[in-house]
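Here the structure is laid out as structure tokens; the discussion comes afterwards.
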Amino acid sequence: MSSPNGSLAPTEQLKIVIVGHVDHGKSTFVGRLFHDTGSLPEGKLEQLQGIAERRGVPFEWANLMDALQSERDQNITIDTAQIWFQTKKRQYVIIDAPGHKEFLKNMITGAANAEAALLLIDAHEGVQENSRRHGYLLNLLGIRQIAVLVNKMDLENYSQAKFDQIEAEYRTWLRTIGVEPTVFVPIAAKQGDNIASQSPNMAWWQGPTVLQTLDNFKMSELPKNQPLRFPIQDIYRFDERRILAGRVESGSIKVGDRIVFSPSNKTSTVKTIERWNAPASDSAAAGESIGITLTEQIFVTRGAIAAREFAPPFELSSFKARLFWLGKQPFAKGKLYKLKLASQEVECQIEAIERVIDASTLETVSRKQNELFVGRYEVAELTLHTKAPIAFDVHTDIVPTGRFVIVDGFDVAGGGIVAADNYPRRTHDSHTKSNNIYWSHGKVTLQQRELRNGHCGYVLWMTGLSSAGKSTIATELERELFNLGRQAYVLDGDNIRHGLGADLGFSPKDRAENIRRVGQVAKLFADAGIICITAFISPYRADRDLARQVMPEGRFIEVFVNAPLEVCEKRDPKGLYAKARAKQIKDFTGISAPYEAPSNPDVELRTDQLTPAECVAQLLEYLHIHASDTAISI
């Protein structure tokens with residue numbers, strides 16, 4: 001590779017992003033930087049000067065970046081461009097991210113790939129709202145090497161006092177978000193002051209030039225020592241082979257490795273590693289784009305993330321996040337959006353909003369209880385829920401799989417990072433049954449527990465359509481049993497989805513697994529002598545029968561909470577039926593997914609005809625009669 005002046009180009013390459021408020025001089029700075037480093041192709045400067053002369057306009061350094069006529073007419077940069085220049089030390093890829101509010105969203109794409117940032121502030125205009133927003137967003141995206149260039153010092157007569165005032169103001173603000181910039185540099189991009197050489201106009205400045213600042217930035221080491229994360233971008237078929245192609249984002253992979261694909265949890269062994277126009281090798285590391293073939297031909301699709309069996313990512317359908325919103329329409333609770341993380345795409349919505357912050361002031365935004373949204377240019381700490389499990393990592397652990405964007409319609413409208421939390425992690429060997437596991441019996445028997453409690457342990461399994469009244473009856477029954485001195489506890493469907501079933505979606509397979517888990521937990525409650533009341537739609541008879549089979553004879557009571565679909569739909573306290581009718585919710589029981597009513601339930605409650613109190617009374621009567629057959633009454 002050769003440079004424009006014919007010298008051998010350095011091989012080291014650093015990506016930097018340039019950000020700043022509109023008209024603070026980014027394009028002018030880049031044009032001057034190219035000229036002062038001798039990085040312009042031969043004759044390019046004269047060509048642009050000639051074009052300006054023919055058009056009867058003054059030559060502007062910004063014309064080097066403004067490739068489109070429409071950009072020159074608007075006098076703003078409207079797209080994210082990547083250009084290259086070099087110093088003696090290394091080659092640089094400059095990601096010029098726009099600063100105008102209308103195009104701020106492009107910063108997510110630009111800054112996300114950068115290892116360092118140059119942030120420009122106009123010495124004449126001072127620190128603006130966008131200056132603070134840019135600082136917050138760079139911090140949110142994990143860019144820690146930041147140099148602040150105070151531009152247009154010529155308009156302030158190269159005043160040291162003005163420079164010191166801007167540095168003190170902005171440095172103080174950056175510290176409030178935990179950012180310590182590498183250096184502040186006073187420049188005048190149009191004149192070339194302190195770009196490639198020390199400025200005679202600012203003898204008071206003894207710090208580095210911009211080029212020295214760039215060369216002082218550290219190269220980020222590729223995350224080769226982290227756990228393997230290999231997102232699958234595409235599947236290619238050649239002859240008999242299926243090649244899974246992608247980029248190794250972290251860790252390393254080699255032939256013979258046993259890998260698991262998340263979130264499907266399918267496993268296989270790496271048979272070969274394929275490369276395009278590169279020497280063959282039996283291994284690959286972070287930063288390499290490769291293809292792999294497998295010894296077992298399992299079904300893998302785009303979006304799967306390959307990892308080693310012993311160090312998989314999290315696989316859940318909800319996670320905590322910090323998000324910067326840029327969309328014209330608010331990020332609203334109750335609306336579906338597309339979430340993109342690595343090569344995965346899945347529908348998502350807000351589950352809960354913990355806090356909304358104004359990114360320019362860092363003040364918490366105060367809103368009424370019913371105003372659940374994140375506005376434009378606001379930052380939120382929230383919990384996102386995806387319609388299907390998604391594989392991810394905490395951003396501070398593994399960056400590429402801990403960062404995401406939100407798409408509203410066809411526009412990238414927000415971006416964020418996965419925040420740390422106490423996430424349950426599924427390991428591969430949890431799916432492997434051992435022949436050396438036995439049921440452990442304690443020193444306290446079931447009969448002793450029931451004598452102490454004064455009643456038997458039961459599972460009352462309430463099933464029925466959404467809005468039929470399961471949770472209402474379950475909680476009322478729990479209270480009545482508690483008032484009677486009985487040990488009772490409710491397992492509610494929504495509550496289980498927050499933890500025990502947080503990694504499951506709503507496909508028939510995931511619903512079955514959810515009910516299997518609940519059945520096992522309910523069995524443990526009953527084994528402790530507790531009356532366990534469950535409130536789950538549990539739409540499939542086979543799943544309910546399986547829950548009954550794990551219980552001792554007579555200790556499982558199936559309760560059919562029966563209300564016609566039209567009644568449930570009319571109640572609809574959560575607005576779920578309306579969303580299902582509008583096709584905003586897929587696989588919704590009773591609308592787009594089946595419900596198999598119990599053929600012979602132990603108790604049937606017609607909640608379209610009975611009040612909750614009448615239903616509870618009927619259940620208490622049933623329990624009293626049912627328990628009379630045992631030594632201990634209810």
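Worth a mention:
- Using θ = phi - 60° and Karplus 6.51 cos²θ - 1.76 cosθ + 1.60, couplings along segment 389-404 (whole Hz; Gly, Pro as x): x, 10, 8, 7, 10, 5, 4, 6, 8, 9, 5, x, 9, x, 10, 8
- For the listed residue pairs Lys26/Lys152; Lys271/Lys340; Lys338/Lys574; Lys387/Lys583, the alpha carbons are over 18 angstrom apart in Lys271/Lys340; Lys338/Lys574.
- Gain in span if fully extended, Arg144 to Asp572, counting 0.36 nm per residue against the direct Cα distance: 149.3 nm
- Distance between the 7 Å Cα→Cβ label points at Val93 and Glu347: 3.5 nm.
- Computed extension gain for Thr272 through Lys15, at 0.36 nm per residue and net of the alpha carbon distance, reaches 89.4 nm.
- FRET efficiency, 1/(1 + (r/R0)^6) with R0 30 Å, evaluated for Thr361 and Asp494 via beta carbons: 0.25
- Simple Cβ-charge dipole of segment 230-308, Lys/Arg +1 and Asp/Glu -1, about Cα centre, in debye nearest 20: 140
- Sorting 132-143, 223-234, 504-515 by average packing, meaning the other beta carbons within 10 Å per residue, from highest down gives 132-143, 223-234, 504-515.
- Between Leu546 and Lys333, the modelled label-to-label distance comes to 3.3 nm, taking each label 7 Å out from Cα in the direction of the beta carbon.
- Working from label points 7 Å from Cα in the Cα-to-Cβ sense, the Met219 to Ile235 distance is 3.8 nm.
- Once C-alpha pairs closer than 8 Å and six or more residues apart are averaged by separation and normalised to the residue number of segment 490-563, the relative contact order reads 35 percent.
Throughout, read-outs are computed from the coordinates displayed, never taken from laboratory work. Being a predicted model, the structure only gives us computed values, none of them experimental. Positions of Cβ are generated from backbone atoms using ideal geometry, with glycine treated the same way; all protein chains shown enter the neighbour counts.
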